[in-house]
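One structure below.
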Amino acid sequence: MKKGIVVFTLAFVAGVVIPASQVVGASPPSILKVDVHAPKALETLHDLGLLLYGQTDRFYLVADSPGARASLTARGLTVTPFHLSSNLPLYLVFLPREDILGIIAPPASLLYTDGRVALVQMDEATALKVSQKGGELALLPDEPHPVYLTPVRSFPSPTVPDTFIQRLVNKVNPDSIRSKIQRLQDFRTRYSYTDSCRAAEQYVFNYLSALGLDSVVFDPYPYGGYTWRNVIGTRVGRTNPQRVALACGHMDAISETPNSLAPGAEDNASGTVIALEVARAMAGEDFGSTVKFVVFTGEEQGLIGSDHYARLLRGQNVDLLGALNFDMVSWYQDSFGVTIRTNTASMGLAQLENRMAAEYTTLAHFVTTQVGGSDHVSFHNQGYAATGTIEYGYPPIRYPYYHTIHDSLAYLSIPLAAEVAKMAIATLATLAGYPGSAVEAGTPSLPLTTTLLPVHPNPFRGSARVEYSLAAKGRVRLSVYNVAGQLVRDLVNQIQSPGKYSASWDGRNQKEYKVPSGVYFYRLQTETFSDTKKAVVVR
Ligand SMILES: [Zn+2]
């Protein structure tokens, strides 16, 4: 959506290629807002094969298409279409205050607001102003992506306190935290567009390299003609290297005069330093799964760096146990503690983190599904479990020097950051598993929901596969019917335990005769669930 939706339709006429821009009559692009709170809303989007632009805890934004509105409405979902008025980039804006929207003026346009989250089309200059006023931006992608469902995992109930974890937690050093925040602040600005931010990237790279991790790499990505870099440090897992758990924070900063001064001590040297301090404590230790320490840039421009990285993981189908994001974790007014922001699919991860805060820290702590607009959202968009930790009481209590030139170490609590680092270490180590840990964390566990997925391939000639999952043990019947409603074939008829299943249908009836071409229906039925989908046989 960054540059609007471009349709690459090419017309081939007598060998002459006519670009799409010369084709008249393309309809204006539009986008659908779908209410989150309907039961299984995301699963429905997934089942229907719809494409996702972004999400908040209140709604999903999906690609409009012929039939999409009708099928969503038929499934009982509340759908609101928005026509995009221009080619300007489209942003979700998380609002600390509604008056921010007062600066939206043509050609920028406000498509929607519920007072807490707004959908805005705007140019980069307006986006900068919104960010400077305190809005948290999420830039929606040019191209929507498939809906990925987050696997539900069983996280271990560790025996606490655990001596291994306690030993790692004890490595947290407030002086080390303070000097790293100071070092990042000393760059004067870490605004993503500046050379000074490139130097900060190099500092993070050098810091992680000196810890003796298995690898440290830059993760470069393009943005508006620039190349910015995330930095990724890796400790490879000893028994399950393909599984990954990570801690992350963004190093880039913003202010009223971002090109010359944006010290960003709280936002977000504090969170960056959590990732670095966790790396320092965990480097040289052995874990079952791979652990990564990731520092992003481009957060203030709309989660650009983390969006790039989360897509990279999804593209490689990385088995990510969870991402722990830290953004503004070293200032407090009344309560010495943290708010753990999450979505419902990541609730197990958030609860594990919450438990670690209770066991290994002095933090006040609570979990909220007011997910907010920081880098953890990029992982949610790719179907990964992620949490975003911020200082306690957010919102509405808010750091007064947020996004200003005054955001400096003088206002921060190093003891608070140290406790947050302990929570991060305990959670990441528990997730990754370690020698002697009671349970290998992150074993994919039972799905929470009973679901019937679309048959594939469809239509089919030979045989097709039907996948489904069960939330509870009980009698399961999966059967095929013809359009007259007559039973054609039972595929499954037995007691089954919770889990994921697949069945295949070879296009034959109960008597093993091939059925004729046509439309058939297959139905999954349990004591509490029934769903029917279509399969088309071609001969
Ligand atoms: Zn931030």
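The values are calculated or read from the model by the stated rules, or taken from the named source; none is laboratory data. Fair warning: this is a prediction, and the values are worked out from it, not measured in the lab. Virtual Cβ from ideal backbone geometry, glycine too; neighbours counted across all protein chains shown.
Details
- Inclusion of residue 275 among residues that are modelled with pLDDT of 95 or more and either farther than 23 Å from residue 418 by Cβ or within 16 Å of the ligand (Cβ to nearest atom) (or both) is warranted.
- Failed criterion for residue 178 (all others in (1) over 17 Å from residue 417 (Cβ atoms); (2) outside any loop (DSSP other than H, G, I, E, B) hold): (1)
- Inspection of segment 492-505 finds no residue satisfying the criterion of being among the charged types (D, E, K, R) and either part of a loop (DSSP other than H, G, I, E, B) or at pLDDT 90 or above (or both).
- Condition check for residue 238: touching a residue at least 12 places away in the same chain (Cβ under 8 Å) and either polar (S, T, N, Q) or on the phi > 0 side of the Ramachandran plot (or both): no
- Taking the criterion of being within 16 Å of the ligand (Cβ to nearest atom), of a type in the set (Gly, Ala, Ser) and either outside the structural domain of residue 425 (by TED's automatic domain parsing) or out of contact with any helix residue (DSSP H, G or I) (no Cβ under 7 Å at 6 or more places or on another chain) (or both), the only residue of segment 322-372 that qualifies is 372.
- No other residue among 188, 183, 178, 229 is of a type in the set (Lys, Arg), under 21 Å from residue 405 (Cβ atoms) and touching a Phe, Trp or Tyr at 6+ places or on another chain (Cβ under 8 Å) apart from 183.
- Matching entry among 352, 313 (being more than 20 Å from residue 266 (Cα to Cα) and modelled with pLDDT of 95 or more): 313
- Looking across segment 219-239, just one residue is part of a loop (DSSP other than H, G, I, E, B) and charged (D, E, K, R), and that is 238.
- Tally, over segment 259-272, of residues that are buried (at least 23 other Cβ atoms within 10 Å of the Cβ) and either away from the ligand (no atom under 13 Å from the Cβ) or farther than 20 Å from residue 306 by Cβ (or both): 2
- Scanning segment 40-84 for residues that are more than 20 Å from the chain's Cα centre (by Cα) and assigned to a loop (DSSP other than H, G, I, E, B) returns 48, 64, 65, 66, 67, 75, 76, 77, 78, 84.
- Of the residues making up segment 106-150, just one is part of a loop (DSSP other than H, G, I, E, B) and aromatic (Phe, Trp, Tyr), namely 148.
- Segment 292-309 - residue that is closer than 12 Å to residue 231 by Cβ, within 13 Å of the ligand (Cβ to nearest atom) and among the hydrophobic types (A, V, I, L, M, F, W, C) and, of those, surrounded by the fewest Cβ atoms within 10 Å (Cβ to Cβ): 295
- Any pair with Cβ under 6 angstrom, 6 or more apart, that starts in segment 266-294 at a residue that is assigned by TED's automatic domain parsing to the domain that holds residue 321 and among the aromatic types (Phe, Trp, Tyr) and ends at one that is assigned to a strand (DSSP E or B) and buried (at least 24 other Cβ atoms within 10 Å of the Cβ): 293/233; 293/247
- Condition check for residue 406: in a loop (DSSP other than H, G, I, E, B), out of contact with any Phe, Trp or Tyr (no Cβ under 7 Å at 6 or more places or on another chain), over 20 Å from residue 293 (Cβ atoms) and assigned by TED's automatic domain parsing to the domain that holds residue 182: yes
- Residue 194 hydroxyl-bearing (Ser, Thr, Tyr) and in contact (Cβ under 8 Å) with a residue 12 or more places away in the chain: yes
- Members of segment 460-479 that are in a strand (DSSP E or B) and under 22 Å from residue 449 (Cα atoms): 465, 466, 467, 468, 469, 470, 474, 475, 476, 477, 478, 479
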